[in-house]
Amino acid sequence: MTDDDLPLGRRWHDMGGLPAGVVPQDQHDFALWEKRVDALMVLGSGKGHFTVDGLRRVLEDMGADAFETMTYYERWIAAINQNLIEAGVYTTDELGRKMTEVAARGPTYGDACRD
């Protein structure tokens, strides 16, 4: 759905009253990384690095493509990351260096967890 498909005044994420298809009701076990995203959200907000409104702003600014291609927790970690950068917790350069370091540890999650 694009903004052109919506009534005036609505953004793409505002689906109130519109058909949205079937809502999955099944439960699943959360992956370790999903649990860590949830914990990071609690810790970061508890430290005052971001608010629910700040997270929502980033989620809404992602655009419709993000909601079509990313999972719930992928969107949340992107929003958390953007808010932490904006709060000055780390820079994009620092994040890039750390990501390169972790990737060099190996291709598996177990490899990446090594210090």
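Read-outs: derived from the displayed coordinates by stated rules, not from any lab. Everything numeric in this text was worked out from a predicted model, so none of it was measured. Virtual Cβ from ideal backbone geometry, glycine too; neighbours counted across all protein chains shown.
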Would you compute the Debye intensity of region 45-115 from its alpha-carbon atoms alone, equal scatterers and no solvent, and pass along log10 I(q)/I(0) at q = 0.19, 0.20, 0.21, 0.26 Å⁻¹ to two decimals? -0.91, -0.96, -1.00, -1.09
Going residue by residue through region 30-47, the Karplus relation 6.51 cos²θ - 1.76 cosθ + 1.60 with θ = phi - 60° gives ³J(HN,Hα) values, rounded to whole Hz and with x marking Gly or Pro, of 6, 5, 3, 5, 5, 5, 5, 4, 4, 5, 5, 5, 5, 5, x, 6, x, 7
Note down the nm distance, to one decimal, between modelled labels 7 Å out along Cα→Cβ at Tyr72 and at Ala39. 1.9
I need two numbers for region 23-77: Rg to one decimal and Dmax as a whole number, Cα atoms only, in Å. 12.5, 34
Computed FRET value (nearest 0.05) for Val22 with Arg105, which takes r as the C-beta separation and R₀ as 41 Å: 0.55
What distance in nm separates the simple spin-label points at Arg97 and Val52, each placed 7 Å from Cα in the Cβ direction? 3.7
